[in-house]
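The structure under discussion appears below in the form of structure tokens.
The values are calculated or read from the model by the stated rules, or taken from the named source; none is laboratory data. Predicted, not measured: the structure shown is a model, and the values here were computed from it. For neighbour counting, all protein chains shown are included, and Cβ atoms are generated from backbone atoms with ideal geometry for every residue, glycine included. These area figures cover heavy atoms from the full protein model, side chains too; ligands, DNA and RNA do not enter into them. Shrake-Rupley method; radii C 1.70, N 1.55, O 1.52, S 1.80 Å.
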Amino acid sequence: MQLEKHLGTRLLNRSSRSLSLTESGKLFFERCKDILEEVEEAELVVGSVSGVPRGTLRVTAPSWFATRGMVDLVAEYRQRYPEVVVDLSFEDRFVDLIEEGYDLAIRATADPLAAGLIARPLRPMAFVIAASKEYLRRCGVPQSPEELAQHDCIMVGSGHAWHLTGPNGNIEIPARVVLRFGSTMTVAVAHAVCAGIGLAPLPRLVFEDPMFKDVLRPVLVKHPLRHAHLYALYVSRKHLPLKVRTFVDQLVEKNRILQPWEDAVTVDEKRAFNGTPVVSVVPDE
């Protein structure tokens, strides 16, 4: 009301149940947004000159990125740039960076990326079939895609089949579902696999987590579920904030150290389940 009195015009239509902008209110609001964006850009320019990243960095990432490696990355980043507060959300959905106010998104996808975003590729990200050592000891190691139909399966959503790729093209195998998660909860799926309930699709990144790497084993690695790539996404801006630029650089540096796993398989001769060697994938040394 004080602003309306100062401007000499009504900005809001008021009723007992709602508020809405008048035409003058809409014009004033849009102009104020432009002014604030110009102020923000001026601050970014000054920040770039000072060379000190600061402020709150809002990052969204999929749930399976909630690993010890990610925590170590954030800890190292905070040591380098203590004036940045990292606000990290793990959620399995495509977040609208602009609408929801995020600075950065970490996403794995094989689909075309949304227009208007800058995408820094980080690493290949394949999904494979995971099992626990205990499950393989008890039920055996599937040696072909067709054998998956005889194994218990943990599925996310309404899926009812395994969709694999291989040297001869795509393959669809019926899944014997014994546990179903209503939404994508990758960490919960990984724990269910570790408990020996059944096989499940998991991103290879999960196998690098100290919590799971000594328990989980990939199977049928010559028939991956899907090929994707991991990206750091941010909104294209004329002056990229230092907090975003430095965090993306850290992600790129970290993922150079953690090389993508090779597609070739190795046989662990020291372990065998039901007389069958364990087929496993090893990281690049």
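Normalised by the number of residues in segment 169-257, what is the relative contact order in percent for Cα pairs under 8 Å and 6+ residues apart?
Values: 25 pairs, mean separation 14.1, N = 89.
Normalised by residue count, the contact order of segment 169-257 is 16 percent.
Quick one: which of Lys213/Lys254; Lys5/Lys33; Lys222/Lys254; Lys33/Lys254 span more than 29 angstrom between C-alpha atoms? Working shown, then result.
Numbers: Lys213/Lys254 19 Å; Lys5/Lys33 21 Å; Lys222/Lys254 27 Å; Lys33/Lys254 37 Å.
Check vs 29 Å cut-off fails for Lys33/Lys254.
Describe numerically, in nm with one decimal, the distance between label points set 7 Å from Cα along Cα→Cβ at Ser144 and at His227.
2.5
Can you give the relative contact order of segment 1-91 as a percent, counting alpha carbon pairs under 8 Å and 6+ residues apart? Working shown, then result.
Working: 68 pairs, mean separation 21.5, N = 91.
Once divided by the residue count of segment 1-91, the mean separation gives 24 percent.
Below 8 Å, C-alpha to C-alpha, sequence gap of six or more: please give me the relative contact order for segment 95-205 in percent. Intermediate values should be presented prior to the final figure.
Details: 141 pairs, mean separation 35.8, N = 111.
Over segment 95-205, the number comes to 32 percent.
So how much slack lies between Arg80 and Leu12, counting 0.36 nm per residue of separation and subtracting their Cα-Cα distance, in nm? Provide the component values of the computation, followed by the final result.
Working: separation 68, 0.36 × 68 = 24.48 nm, distance 4.66 nm.
19.8 nm is the gain from fully extending Arg80 to Leu12.
In nanometres, what is the gap between the two model label sites at Glu208 and Ala42, each 7 Å from Cα along Cα-to-Cβ?
4.3
Quick one: how many Å² of Leu57 are accessible to a 1.4 Å probe, rounded to 10?
0
Provide the percentage of antiparallel DSSP beta bridges, counting only those with both residues in segment 1-136; round to the nearest 5.
Of all bridge pairs located within segment 1-136, approximately 25 percent are antiparallel.
Apply 1/(1 + (r/R0)^6) to the Cβ-Cβ distance of Met185 and Lys5, taking R0 = 35 Å, and write down the FRET efficiency to the nearest 0.05.
Values: r = 53 Å, r/R0 = 1.50.
So, using R0 = 35 Å, E works out to roughly 0.10.
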